[in-house]
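To start, the structure under review is shown below, and the notes come after it.
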Protein chains: 2
Amino acid sequence: MSIDSRSDRAVYLQVADIVRSDIVKGRLKPGDDLPSEAALGQTLGVGREAIRQALGVLRAEGLIATTRGFGTRVRERAERHNLKLKRGDVATARMPSEPERRTMDLDEGVPLIVLTHADGSVELLDAETVELTA
Amino acid sequence: MSIDSRSDRAVYLQVADIVRSDIVKGRLKPGDDLPSEAALGQTLGVGREAIRQALGVLRAEGLIATTRGFGTRVRERAERHNLKLKRGDVATARMPSEPERRTMDLDEGVPLIVLTHADGSVELLDAETVELTA
DNA sequence: GTACATTTGTGCGTATGTATG
DNA sequence: TCATACATACGCACAAATGTA
């Protein structure tokens, strides 16, 4: 797999495709460190900007998480717990605002479950840790 | 509201806060066009990079959508339809991959609802257009 | 259809700041 | 203390898409 700078698909999306494939196919496993941005750029022969944009795409997909000064690693999947909807409960999903994300200590690319109860009260849940059933 | 480049909060996050506030408070309404990146940069006295990162944050939150060659506008909320979970259905939420997002023609910042039926079949739904009940 | 101005997308270079180990 | 690595921010240039004259 390599980069074609004359392709219709932008270079950074090709980079994202390659790394995503590595994750989905299991060549990179949850908890694994990715190479540094500089190393990735060297390996693939593209600039840092393209690498950073590619990693941004994968962060937004919830596949990786980056720690400043440390590096980027494949995100581990939290265990889900079951949540049984009660009568009158309504559940929707949306992305958190950036301040919400910080407050709830969520990684990028993780949606919220918004649970509105019959009495009008609202709960915000990390979508990655819950599954809903009737 | 203006930008303090010596603040702890990054310039682009301050820009995002300002524009988000304009949207949440209704100064910018669904369907409204935002000023161009250049105009925003002029108005706020910051470079294009900070503007583009700020808009990237708001896109990831599902608040705005950008069309190349045209501009950026406040997203309109689609109407939700109710989906009643059947016995054996399990619903989770996650972000689409970039190829999924293109295939399903979703804006950035819109999660997927993953509906797994009792027989093992899986449905992917635009999270913005559904609400789940028991 | 053509041409044009506007606007965003992409990519690179440079510099400095900050968190981690 | 120090090297490494990512974050932020500015600048520039050109490509590509849009809407309009």
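The values are calculated or read from the model by the stated rules, or taken from the named source; none is laboratory data. Note that the structure is a prediction, hence the values are computed from the model and not measured. Quick reminder, even Gly has a Cβ in these numbers, built from the backbone with ideal geometry, and neighbours come from all protein chains shown.
Just wondering, is there one or more residues in segment A:32-47 that are away from DNA strand C (no atom under 16 Å from the Cβ) and within 16 Å of the chain's Cα centre (by Cα)?
The answer is no; no qualifying residue exists.
So, in segment A:15-44, of the ones that are in contact (Cβ under 8 Å) with a residue 24 or more places away in the chain and within 14 Å of chain B (Cβ to nearest Cβ), which residue ends up surrounded by the fewest Cβ atoms within 10 Å (Cβ to Cβ)?
Selected residue: A:I18.
Considering only segment A:49-91, how many residues are at pLDDT below 90 and surrounded by 21 or more Cβ atoms within 10 Å (Cβ to Cβ)?
Here the count works out to 1.
If I filter segment A:93-123 down to residues being surrounded by 15 or more Cβ atoms within 10 Å (Cβ to Cβ) and more than 25 Å from B:A10 (Cα to Cα), which single residue comes out as nearest to the other protein chains (Cβ to nearest Cβ)?
A:A93
Here are B:E79, B:E100: which of them is without any contact (Cβ under 8 Å) to a residue 40 or more places away in the chain and away from DNA strand C (no atom under 12 Å from the Cβ)?
B:E100
Working only within segment B:30-48, note down all residues that are assigned to a loop (DSSP other than H, G, I, E, B), among the small types (G, A, S) and within 11 Å of DNA strand D (Cβ to nearest atom).
Those that are assigned to a loop (DSSP other than H, G, I, E, B), among the small types (G, A, S) and within 11 Å of DNA strand D (Cβ to nearest atom): B:G45, B:G47.
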